[in-house]
Amino acid sequence: MVSRRFAALLRQPLQAWQTLSLRSVGTGTRSSAYLARWLSIVAPRVERLELELRDVHPPGHRLAISPFLASARTLKLLHLEKLHLLPAELALISLLTSLTSLRCECSLSKGMQPLSTLASLRQLQHLSLTAVEAPSGSQLPISLSALSSLQSLSLSSSTSKSYSREPPLLGLPWAWCQAATQVTSVRLRWVDLPSLPPADAPHTSGAGSSSGASDSIGIFAAVQDLQLYFPLVALGGSIGCCRALRTLWVFGGSLQAAGWAALSSLPHLEALSVHRCYLDDDDEYEGEEDNYVDPVPPAPQSLSSLTCLTLLDLWRAPIHPALTQLPKLRKLVLVEPECLGLYTAWPLPDGPWLRHLESLQVEHAALGSIGAVLRQATRLSSLSLDDCPWLTFERDDLPLLLQLPLERLLVDKRPAEVEDDEPDPPWEEVPEPLWGEESLWVARELGVALRARGSGGSFDICTEEWP
């Protein structure tokens with residue numbers, strides 16, 4: 001009796017079913033049929049549906065979402081995960097003209113054209129699409145430029161089976177990027193920004209006039225936050241065309257001279273994160289026998305104009321000389337960094353990037369000395385040096401450390417434990433002992449002095465050996 005009443009309750013299109021959030025839903029043949037039936041019944045009143053399936057299922061064993069889509073006329077938010085939509089289902093979504101937020105994964109093995117039906121969603125503000133098995137080189141349909149209310153875009157490429165192979169690389173058409181004038185946030189995964197058009201190609205500038213001058217080209221006129229995952233085309237001029245950019249996050253790819261020049265043309269850039277992004281000419285600075293290799297080229301001054309950039313975050317990326325010219329950095333994060341021209345025990349390069357630092361975090365680095373930091377970063381209130389076995393202190397460093405307005409300090413030279421039996425060089429031969437006599441004296445005196453302050457800060461200096 002209770003089960004029947006509850007089942008009847010679930011079938012009623014009650015006010016309570018305006019919002020549905022279903023996580024890790026199992027999709028066996030029988031349960032899928034029941035779920036599809038219930039969704040189709042409550043669909044007319046649903047305004048928000050977040051549905052995450054437990055696993056991706058092949059055709060014939062997947063959730064039948066079409067009946068729900070055909071009846072959900074008041075739907076404003078639709079987030080579907082691990083349900084690869086077919087072109088016919090995308091066509092039904094195109095009829096949901098009240099949608100303001102759409103997140104879905106689409107099976108597009110025959111091309112991206114089925115996405116063009118979404119151009120009817122004129123109220124759409126947030127769009128997150130994953131193209132599954134799309135042909136390599138495919139582009140987002142230009143017809144989607146009709147989405148004039150769009151504020152955020154997330155576009156990804158993936159395969160039908162996770163981690164089976166690299167996804168195909170997709171692209172954005174230049175004309176669409178120019179038309180997306182209201183978009184403020186863009187996230188691209190295995191999707192490249194468009195290449196710059198030929199210099200003699202006519203284009204429309206932000207003021208509406210036609211010009212051939214490269215410096216008047218603009219795309220994503222309002223984008224402030226740009227995230228790029230695995231861009232296979234070297235970062236270059238197209239980034240420099242995103243003039244309103246404030247935050248840039250790059251994972252993978254490479255930076256060439258054109259990339260540095262493009263970054264220097266972003267006057268409003270406040271935060272730059274570069275993760276696993278390499279230089280095309282890295283090999284020129286790699287030594288095999290000696291610690292010192294060929295001299296590094298002089299540092300270009302192009303980045304000195306970035307007076308708004310206050311955060312730099314590098315992970316598994318080289319410290320290019322151009323970065324040391326950043327004039328207004330307040331926070332610097334270096335995780336597994338590489339210093340061009342040196343192999344181990346390298347000093348953190350000096351330069352304008354240290355003068356206004358308030359926070360410095362270095363992890364898993366072959367860093368040897370922070371002398372330049374102590375001399376130039378006199379505003380430093382947070383200093384974290386973790387997993388830096390080659391780090392050394394000299395007696396002259398102690399008074400400089402004590403002059404810093406430190407509120408947080410972490411020093412731990414011990415290497416982090418790695419799962420690999422054979423760690424990558426130079427980590428297979430860390431110094432023994434980790435703490436030399438002079439460094440140990442500085443650490444102990446510093447600890448005594450900081451504890452005597454009684455200011456309530458957080459100070460952790462570990463002088464234990466490893467292992």
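Where a number appears in this text, it was derived from the coordinates with a stated rule and is not lab data. Fair warning: this is a prediction, and the values are worked out from it, not measured in the lab. All Cβ positions, even for glycine, are placed from backbone atoms using ideal geometry, and neighbour counts span all protein chains on display.
Counting only residues at least eight positions apart within a chain, or on another chain, the lysines with an alpha carbon under 29 Å from that of Lys161 are Lys82, Lys110. Of all lysines in the structure, the ones whose alpha carbon falls short of 23 Å from that of Lys413, not counting any fewer than 8 places away in one chain, are Lys331.
With θ taken as phi - 60° and the Karplus curve 6.51 cos²θ - 1.76 cosθ + 1.60 applied, the whole-hertz 3J(HN,Hα) list for the stretch 456-463 is x, x, 10, 10, 9, 10, 9, 10 Hz, x standing for glycine and proline.
Applied to the stretch 183-188, the Karplus parametrisation 6.51 cos²θ - 1.76 cosθ + 1.60 on θ = phi - 60° returns per-residue 3J(HN,Hα) values of 6, 10, 9, 9, 10, 10 Hz, with x for Gly and Pro. Please work out whether the stretch 317-467 counts as rounded, prolate or oblate from its C-alpha gyration tensor, where a ≥ b ≥ c are the square roots of the eigenvalues and a/c under 1.5 means rounded, while otherwise a/b larger than b/c means prolate and anything else oblate? Oblate.
In this simple spin-label approximation, Ala258 and Cys462 carry label points 7 Å from Cα along the Cα→Cβ vector, and these lie 4.5 nm apart.
Applying 1/(1 + (r/R0)^6) with r as the Cβ-Cβ distance of Asp396 and Arg451 and R0 = 30 angstrom yields a FRET efficiency of 0.85. Proximity of backbone amide H atoms, modeled 1.01 Å from N, is registered between Val25 and Glu52, Leu53, Arg54 at under 5 Å, excluding neighbours fewer than 5 places apart on the same chain. Per residue, the convex hull spanned by the Cα atoms of the stretch 309-357 amounts to 69 cubic angstrom. Per-residue extension of 0.36 nm, minus the Cα-Cα distance of Thr100 and Gln227, leaves a gain of 43.5 nm for this segment. The stretch between Gln18 and Lys161 holds 48.1 nm of extra length on full extension. This uses 0.36 nm per residue minus the Cα-Cα distance.
Computed over the Cα atoms of the stretch 41-134, pair by distinct pair, the Kirkwood hydrodynamic radius stands at 13.3 angstrom. If you take the beta carbon distance between Lys110 and Ser143 as r and set R0 to 22 Å, what does 1/(1 + (r/R0)^6) give as a FRET efficiency, to the nearest 0.05? Given R0 = 22 Å and the Cβ-Cβ separation, E is 0.85.
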